[in-house]
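Structure record follows, encoded as structure tokens.
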Amino acid sequence: MYMNHLYTAEDSVLRPLVNFMNNQNKQILLINDICGYGKVALSAMIPILTNMGYHIYNLPTALVSNTLEYGKFRIQDTTDYMRDSIKVWQELGFSFDAISTGLITSSVQADLLIDFCGAEAKKGVLIFVDPIMADNGSLYNGMTMETVANMKRLLQVAYCTVPNYTEAVYLTDSVYKDDLTQAEVYELIDKLRALGAKSVVITSCHVDGSEAVAGYSDEQKEYFVLPYVSVPVFLPGTGDIFLSVLMGQVLQGKFLKASVAKSMEIVKRMVLRNKDNADKFKGIRIEACLDVLQ
């Protein structure tokens, strides 16, 4: 009775403490690249979800010298390491409550993750797929149509996928538009669901003249569009922050729409903290912003 009252209280100190305690037994595996210079991917996600109270583990898909925005970079494939690590973990009986996937480097990696995540999904593990490959109407440096095909196949094991609008267009072979009607964005969501994803969240949309995040919750059978006003600055890693908070909220039992709204709020607060950084290609100084999660 006391704990129930404590959990529902609006007290700004007690609520984060209770959430942290409730998260302590939940285990999350992050499958993404690790960047040597810049706060993106694993470097962004690990501190956020650790701060939220989860046990965090990681499986690097690649070692990346620096964020791709610098134009020149080195990517070291880690497929052999991934395959061997998964085999060892299975022999040791390690288990997870949720798994997220991000950057993948090849069809071989896609096959490996489809098999691994598919088997885990059958055990009830929640699989979050972030198809990292494009933005602003075009593919990132180093990404190809093979990348698109691999990400499309990965959606078949997704509990929830979180593409930005450009990625959603590539995944569904749709026409890129500067603005969508609500009906058009819902149709785009349905195309992603037809590829296998149960729930969908599309970031960086323009819907009926407003910037928005649009989605569909499989649990609530609910479509939604959440408008926002963006901060006019580019900082890499905001998608990783968004997904981290979203996963953390969903694993606390929050509805998807409410989890998306919270993620949008946290990303905006962190961007405002870092909008005047001298070198914006480094991304957001995550550890200096963890207080906004409370």
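Among the listed residues 142, 124, identify the single one that is closer than 26 Å to residue 238 by Cα, part of a loop (DSSP other than H, G, I, E, B) and of a type in the set (Gly, Ala, Ser).
Details: 124 fails: closer than 26 Å to residue 238 by Cα.
None of the other options fit; the residue is 142.
Okay, residues lined up against (1) in a helix (DSSP H, G or I); (2) at pLDDT 95 or above; (3) open to solvent by 20 Å² or more (accessible area, probe 1.4 Å):
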| position | (1), (2), (3) |
| --- | --- |
| 12 | no, no, yes |
| 22 | yes, no, yes |
| 28 | no, yes, no |
| 46 | yes, yes, yes |
| 69 | yes, no, yes |
| 72 | no, no, yes |
| 86 | yes, yes, no |
| 91 | yes, yes, yes |
| 95 | no, yes, yes |
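Please determine whether any residue of the stretch 251-259 is surrounded by fewer than 17 Cβ atoms within 10 Å (Cβ to Cβ) and in contact with a strand residue (DSSP E or B) (Cβ under 8 Å, 6 or more places away or on another chain).
Yes, the stretch 251-259 contains a residue that is surrounded by fewer than 17 Cβ atoms within 10 Å (Cβ to Cβ) and in contact with a strand residue (DSSP E or B) (Cβ under 8 Å, 6 or more places away or on another chain).
Keeping to the stretch 270-293, report how many residues are open to solvent by 40 Å² or more (accessible area, probe 1.4 Å) and under 24 Å from residue 134 (Cα atoms).
We begin by selecting, within the stretch 270-293, every residue open to solvent by 40 Å² or more (accessible area, probe 1.4 Å); these are 272-273, 275-276, 278-282, 285, 287-288, 291.
Filter again for under 24 Å from residue 134 (Cα atoms), leaving 272, 275, 279-282, 285.
Number satisfying all stated conditions: 7.
Does residue 37 qualify as being open to solvent by 70 Å² or more (accessible area, probe 1.4 Å), modelled with pLDDT of 95 or more, under 29 Å from residue 235 (Cα atoms) and not in a strand (DSSP E or B)?
Values: open to solvent by 70 Å² or more (accessible area, probe 1.4 Å): yes; modelled with pLDDT of 95 or more: yes; under 29 Å from residue 235 (Cα atoms): yes; not in a strand (DSSP E or B): yes.
Considered against the rule, which asks whether it is open to solvent by 70 Å² or more (accessible area, probe 1.4 Å), modelled with pLDDT of 95 or more, under 29 Å from residue 235 (Cα atoms) and not in a strand (DSSP E or B), residue 37 comes out as yes.
Can you say whether residue 103 is touching a Ser or Thr at 6+ places or on another chain (Cβ under 9 Å), within 25 Å of residue 250 (Cβ to Cβ) and touching a residue at least 60 places away in the same chain (Cβ under 8 Å), as far as the supplied structure shows? Working first, answer last.
Values: touching a Ser or Thr at 6+ places or on another chain (Cβ under 9 Å): yes; within 25 Å of residue 250 (Cβ to Cβ): yes; touching a residue at least 60 places away in the same chain (Cβ under 8 Å): yes.
Yes.
Restricting to the stretch 111-145, name every residue that is over 17 Å from the mean Cα position of the chain (by Cα) and open to solvent by less than 20 Å² (accessible area, probe 1.4 Å).
Residues satisfying the conditions are 116, 118, 120.
Of everything in the stretch 204-224, what is open to solvent by less than 30 Å² (accessible area, probe 1.4 Å) and out of contact with any Asp or Glu (no Cβ under 9 Å at 6 or more places or on another chain)? Give them in sequence order.
We begin by selecting, within the stretch 204-224, every residue open to solvent by less than 30 Å² (accessible area, probe 1.4 Å); these are 205, 207, 212-217, 224.
Within the stretch 204-224, 212, 213, 214, 217, 224 qualify.
With respect to residue 185, is the statement that it is in a strand (DSSP E or B) and open to solvent by less than 50 Å² (accessible area, probe 1.4 Å) true? Don't jump to the end; show me each part of the working.
On the way: in a strand (DSSP E or B): no; open to solvent by less than 50 Å² (accessible area, probe 1.4 Å): yes.
No: the conditions fail for residue 185.
Out of the residues in the stretch 229-250 that are closer than 22 Å to residue 39 by Cβ and more than 15 Å from the chain's Cα centre (by Cα), which is least open to solvent (accessible area, probe 1.4 Å)? Spell out how you get there, then give the answer.
Step one: list which residues in the stretch 229-250 are closer than 22 Å to residue 39 by Cβ, which gives 230-249.
Narrowing further to those that are more than 15 Å from the chain's Cα centre (by Cα): 230-235.
Values: 230: 50, 231: 29, 232: 132, 233: 43, 234: 100, 235: 7 Å².
So, considering only residues that are closer than 22 Å to residue 39 by Cβ and more than 15 Å from the chain's Cα centre (by Cα), the one least open to solvent (accessible area, probe 1.4 Å) is 235.
The values are calculated or read from the model by the stated rules, or taken from the named source; none is laboratory data. Given the structure is predicted, the values throughout are model-derived calculations rather than measurements. We place every Cβ from the backbone using ideal geometry, glycine too, and count neighbours over all the protein chains shown. These accessible areas exclude ligands, DNA and RNA; they are computed on the full protein's heavy atoms, side chains included. Shrake-Rupley method; radii C 1.70, N 1.55, O 1.52, S 1.80 Å.
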